[in-house]
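Accompanying notes for the structure given below.
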Amino acid sequence: MAEMTLSEMAVDVLTTADGFEKTKKSRDYAAQWFAAREAGTPLSIGRADAPLRPSRPAKPELLDPRDVPKRKPGSPQGRIALLHAVAHIELNAVDLHWDIIPRFAHIEMPLGFYDDWVKSADEESKHFNLICDCLKELDSFYGALPAHAGMWRAAEDTVDDFMGRLAVVPMVLEARGLDVTPGMIDLFRKAKADRAVASLETIYAEEVGHVAYGSKWFHFLCGRHNLDPKEQFHTLVRKYFHGALKPPFNEEKRAEAGLPPDFYWPLADQHPPRTR
Ligand SMILES: [Fe+2]
Ligand SMILES: [Fe+2]
């Protein structure tokens, strides 16, 4: 059998509906990619048609965010709902990171670009499984509750805009994860939910890398096209992201990920805190 290209692997993940099967394929393909890289015989990127929307399991039911029932965050049911929402985000992230590969394969990029997104997709797959283990410990599972529809909107909006995709997905959506995860970790720590705390700490540490990859390749493309990165970022986020960015921002982790304050504060619905 001829060797699969990386784009074909990506499309196979995207068209697999079941979460565990999707993340297993994702991790297997990532291992194949990195084994070939180490051997000095990288897989070819190739071309394959990415579906407009990835395949997803029949459950969870996808609802408009306004119709997803709110539960008290301090209650056991609230913690299950929170973990369920995180699992949904992680599964979406698996698809987002694989999607960028075949979607923009016509644009020549260094191999390091593919290393970064394959590694991110592998980590998101691990995150999904970690959170599913937490749900299982609480006698629940991914699919037990409804989840937000519209998570894939950022991908559809930027289906033909490579820089727009990088601006909105890693540099806005994943950066938002850095802002909210410490509060979630606190909440589970107070509930003495050790497995959830450990899982969220892993996620928090690895998500800094995903935002950093976004910033790195966004700046790379700005350099290639002789564009001012900050201005370009503002233009693209205003074009593709619906609404203002929400402070408080995790300025320290954002800085670690290569996102300076003058990138995100001008897009916020508040002014930055005065500095002297
Ligand atoms: Fe993740
Ligand atoms: Fe991520």
In deg cm²/dmol, rounded to the nearest 500, the helical mean residue ellipticity at 222 nm of the chain, built from -39500 (n - 2.57) for every DSSP H run of length 4 or more, is -19500 deg cm²/dmol
Which three lengths, in whole Å and largest first, does region 1-156 cover when its Cα atoms are put on their principal axes?
51, 29, 26
For region 154-276, divide the Cα radius of gyration by the Kirkwood radius and give the resulting Rg/Rh value with two decimals.
1.01
Which whole-Hz couplings ³J(HN,Hα) result when phi for each residue of region 265-272 is put into the Karplus expression 6.51 cos²θ - 1.76 cosθ + 1.60, θ = phi - 60°, listed in order with x for Gly and Pro?
4, x, 9, 8, 8, 9, 8, x
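Subtract the Cα-Cα distance of VAL159 and SER75 from 0.36 nm times their separation in residues, and report this length gain in nm to one decimal. Working shown, then result.
On the way: separation 84, 0.36 × 84 = 30.24 nm, distance 3.93 nm.
Result: 26.3 nm gained on full extension.
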Residue-wise, which Karplus ³J(HN,Hα) couplings in Hz belong to region 194-204, taking 6.51 cos²θ - 1.76 cosθ + 1.60, θ = phi - 60°, and x for glycine or proline?
4, 5, 5, 4, 4, 5, 5, 5, 4, 4, 4
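If R0 is 45 Å, what FRET efficiency do you get for ASP269 and ALA36 from their C-beta distance, rounded to 0.05? Spell out each step's value before the answer.
Numbers: r = 46 Å, r/R0 = 1.02.
FRET efficiency, ASP269 to ALA36: 0.45.
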Placed amide H near LEU245: partners under 5 Å, 5+ positions off or other chain
ALA268, ASP269
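Report D for the chain in µm² per second (integer): Stokes-Einstein, Kirkwood Rh on Cα pairs, 37 °C, 0.692 mPa s.
Using the Kirkwood radius from Cα pairs, D works out to 169 µm²/s.
Give me the percent relative contact order of region 39-197, please, defined on Cα pairs under 8 angstrom at least 6 residues apart.
Numbers: 132 pairs, mean separation 50.2, N = 159.
Relative contact order, region 39-197: 32 percent.
Relative contact order for region 154-276: what percent, with Cα pairs under 8 Å and sequence separation of 6 or more?
Details: 119 pairs, mean separation 38.1, N = 123.
About 31 percent, as a whole number.
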Could you list which residues have their amide H under 5 Å from that of MET151, counting only those 5 or more apart in sequence or on another chain, with H placed in the peptide plane?
none
Taking Cα pairs under 8 Å and at least six residues apart, what relative contact order does the chain come out at, in percent?
18
Could you give the spread of the C-alpha atoms of region 141-180 along their three principal axes, from largest to smallest, in whole angstroms?
36, 24, 12
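Since every read-out is calculated from the coordinates, none of them should be taken as a lab result. Here the structure is a predicted model, which means the values were calculated and not measured. Methodologically, a virtual Cβ is constructed for each residue, glycine included, from the backbone with ideal geometry; neighbour enumeration extends over all protein chains shown.
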